[in-house]
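J.: I have a structure here, written as structure tokens, and I will follow up with some questions on it.
The values are calculated or read from the model by the stated rules, or taken from the named source; none is laboratory data. Quick caveat, the model's predicted, so the values are computed rather than measured. Note: ideal-geometry Cβ built from the backbone for every residue, glycine included; neighbour counts use all protein chains shown. Each accessible area value is taken on the protein alone, full model and side chains, heavy atoms only, with ligands, DNA and RNA left out. Shrake-Rupley method; radii C 1.70, N 1.55, O 1.52, S 1.80 Å.
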Amino acid sequence: MSSSSAAVEPERPPVLETRRFTLRQRILLWLISWAGYLAISLIGSTLRYSISWEELPSSPDATYEKPVIYSFWHRTVFAGAWLWRKAGAAVMVSRSFDGEYIARTIEKLGFVAVRGSSSRGGASALLGLKGQLERGIPVVFTIDGPRGPKYVAKLGPVLLSRASALPMAAFYVALSDAWVLKTWDELMIPKPFSKALVRFSAKVQVPADADDARMTEFHRQLQAALERVTRFAEENVARVGSPEFPFIES
């Protein structure tokens, strides 16, 4: 990912809990993480991206803004990982075995993995993400992960926006041609040389004094933004490469 501003070297979050794995699990983690990294690198390098904004960024040639709290659906993680690989973005990942191989894969791509989830270690992970934002690092949530339900946004970005006094936004990556797996999220694996349209929503700032009722409303707005950018990207991905949706360097 290119950006007009100089890259900030992300600070690795402290290890809050050491997870022990069996020898078999350690071998599997090595194999799966390298296989995932190589697959994303090989296919991702052939994808042709275009970016569309509901609200124009401060820099006309930007492919993301920072520090912002971004959310996207789990099913687009493959194409999203390649797009964001140069951003040094911080991502919350589960402390489960599945979360560990995801963490190791994305760390090879340049991400910062912060362990925790909505069900375990969430509070400490949010503190770690807040620290990354304070250093100017963008934060990205796979917002219906790690296990669903599909297309249902969790509350984490709303809580983090209130705690950090920084805005949140949603994005979606639509693909012109993909293999769709029979998983809970219907994960999309892009076919080589596919077109990809990334649609970003307008930013929303959650005030520090937001009460429960207002938090519920901001959560509803996040869900609506995710649905809106998903619909737009899916409806327009075939037009990637046109004057309205030109290719970008990814």
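J.: Using a 1.4 Å probe over the heavy atoms of the protein chains, calculate the carbon and sulfur portion of the accessible area of the chain as a whole percent.
T.: Values: 6870 of 11870 Å².
Percent of accessible area from carbon and sulfur atoms in the chain: 58.
J.: Could you work out how much longer the chain between A224 and S242 gets when fully extended? Use 0.36 nm per residue separation minus the Cα distance between them, nm to one decimal.
T.: Numbers: separation 18, 0.36 × 18 = 6.48 nm, distance 2.74 nm.
Contour length minus the Cα-Cα distance gives 3.7 nm.
J.: Show log10 I(q)/I(0) for the range 23-159 at q = 0.12 Å⁻¹, two decimals, from a solvent-free Debye sum over equal Cα scatterers.
T.: Cα-only, vacuum Debye calculation for the range 23-159: -0.48.
J.: Given a cut-off of under 8 Å on Cα pairs at least six residues apart, what relative contact order in percent is computed for the chain? List each step's numbers first, then the result.
T.: Details: 483 pairs, mean separation 67.4, N = 250.
Normalised by residue count, the contact order of the chain is 27 percent.
J.: While we're on this one: How far apart, in nm, are two points set 7 Å out from the Cα along the Cα-to-Cβ line at D209 and at S124?
T.: Roughly 3.4 nm, to one decimal.
J.: Heads up, I need the accessible area for R228: 1.4 angstrom probe, whole protein in place, Å², nearest 10.
T.: Accessible area of R228: about 90 Å².
J.: What are the principal axis extents of the Cα atoms in the range 115-250, in Å, biggest first?
T.: 44, 33, 29
J.: Report Rg/Rh for the range 55-118, rounded to two decimals, where Rg is the Cα radius of gyration and Rh the Kirkwood radius.
T.: Details: Rg = 12.7 Å, Rh = 12.8 Å.
Result: Rg/Rh = 0.99.
J.: If you count, for each residue, the other Cβ atoms within 10 Å and average over each peptide, how do 190-202, 71-83 line up from highest to lowest? Write out the running numbers ahead of the final one.
T.: Values: 190-202: 21.1, 71-83: 24.5.
My ranking of the peptides, most packed first, is 71-83, 190-202.
J.: How big is D, in µm² s⁻¹, for the range 41-81 by Stokes-Einstein at 4 °C and 1.567 mPa s if Rh is the Kirkwood radius over C-alpha pairs?
T.: Values: Rh = 12.3 Å.
So the translational diffusion coefficient is about 105 µm²/s.
J.: Against the globular-protein guess of 2.2 N^0.38 Å, express the Cα radius of gyration of the chain as a ratio, rounded to two decimals. Intermediate results must be reported in sequence, preceding the final value.
T.: Working: Rg = 17.2 Å, N = 250, 2.2 N^0.38 = 17.9 Å.
So the chain has a normalised radius of gyration of 0.96.
J.: To check you understand DSSP bridge types, tell me what percent of the beta bridges within the chain (both residues inside) are antiparallel, rounded to 5. Before the final figure, lay out each step's value.
T.: On the way: 9 of 28 bridges.
If we restrict to bridges inside the chain, about 30 percent are antiparallel.
J.: Let me ask another. Can you tally the net charge around A170? Count Lys and Arg as +1, Asp and Glu as -1, for every other residue whose Cβ sits under 11 Å from the Cβ of A170. Intermediate values should be presented prior to the final figure.
T.: Numbers: positive: R199, K203, R228; negative: E54, E227.
Once positives and negatives cancel, what remains is +1.
J.: Need the full-extension length gain, D61 to R147, defined as separation in residues times 0.36 nm minus the C-alpha distance. One decimal, nm. The partial results should precede the final answer.
T.: Details: separation 86, 0.36 × 86 = 30.96 nm, distance 3.49 nm.
Using 0.36 nm per residue and subtracting the Cα-Cα distance, I get 27.5 nm.
J.: Expressed in nm², what is the orientationally averaged projection area of the convex hull enclosing the Cα positions of the range 123-197?
T.: Details: hull surface 24.7 nm².
Mean projected area for the range 123-197: 6.2 nm², to one decimal.
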